[in-house]
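Presented below is the structure to which this report refers.
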Amino acid sequence: IPAFNEEKNIAEILSKIKKITNTIIVCDDGSTDSTSKIANNHGALVINHEKNLGYGAAIRSIFLKAKEMSGDILVTFDADGQHRVEDVERILEPIIDKDADVVIGSRFLQEESEIPNYRKVGIKIITKVTNASLKDSLTDSQSGFRAYSKSVLNNITPSEFGMGISTEILIKASKNNLRITEVPIKVLYGPNTSTHNPIKHGTSVLISTIKYTSIERPLYFYGIPSIVFLIVGCVFSYFSIQFYSEV
């Protein structure tokens, strides 16, 4: 669980998760409230960042700790109260059945999830850009509710410190021929969830997504626009030459 100033939600979340597992890693990403203390009191293994480094840095620290502990499956779960512990079993199933290496809890595979319209638009745009670098098309590339197999932990070390880490992991997993699938989940948006500025957040993720897409698929990313501009340039050149020859 990556957490930043989540003292309002963390205790209830940990109490529920403790009913299904005793191995809980909380990365307190430089919180200024009681997040770390509450997590410790609930028996979680707490990683403390001295200052706020970003969501990606927290996920990276969790990945490294899970790898160090030789975990078989890592489930990442947001600390803001939007995810339901009841959906953990659904997230785990494809990996337990050896049908997938990365399982994403998608907010778009069932109609019950009440997602604000501005979030829907932003997520779908980012997902379309992400899909350009993946072998399979996804519906929700930005969901933080995921499960990762041991193969993912052994082969992928995230480096992105910002929100773009969600895209980075998927692109690296696809490049390593790891299987990615989605399962439907229901999310709960309340007054204490998703405190990030949606415009700043969305812009940051989109920039990171474009960056990783351009790195992993340079011919696709730069080649197609170049061909389009080349065709447009040739058309204008033809009409220019035709105009001057007639004059």
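Table for the structure above
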read-out: Accessible surface of E86 - all protein chains present, 1.4 Å probe, nearest 10 Å²; value: 130 Å²
read-out: Förster radius 45 Å - calculated FRET efficiency between K37 and N177 (Cβ-Cβ, nearest 0.05); value: 0.60
read-out: Accessible surface, per residue, of the stretch 32-75 when the full set of protein chains is kept, probe 1.4 Å, Å²; value: 54 Å²
read-out: Electrostatic dipole magnitude of the stretch 1-104 [Cβ: Lys, Arg +1; Asp, Glu -1; Cα centre; debye, to 20]; value: 260 debye
read-out: Among the listed pairs K65/K120; K150/K175; K124/K186, those beyond 22 Å (Cα-Cα); value: K65/K120
read-out: Percent accessible area from carbon and sulfur atoms, the stretch 1-150, protein chains only, probe 1.4 Å; value: 47 percent
read-out: Cβ-based net charge around T32, under 14 Å, with every Lys or Arg adding one and every Asp or Glu removing one; value: -3
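The values are calculated or read from the model by the stated rules, or taken from the named source; none is laboratory data. Quantities reported herein were computed from a predicted structural model and do not represent experimental measurements. Ideal geometry is used to build each Cβ from the backbone, glycine not excepted, and the neighbour counts take in all protein chains shown. For accessibility, only protein heavy atoms count, side chains too; no ligands or nucleic acids. Shrake-Rupley method; radii C 1.70, N 1.55, O 1.52, S 1.80 Å.
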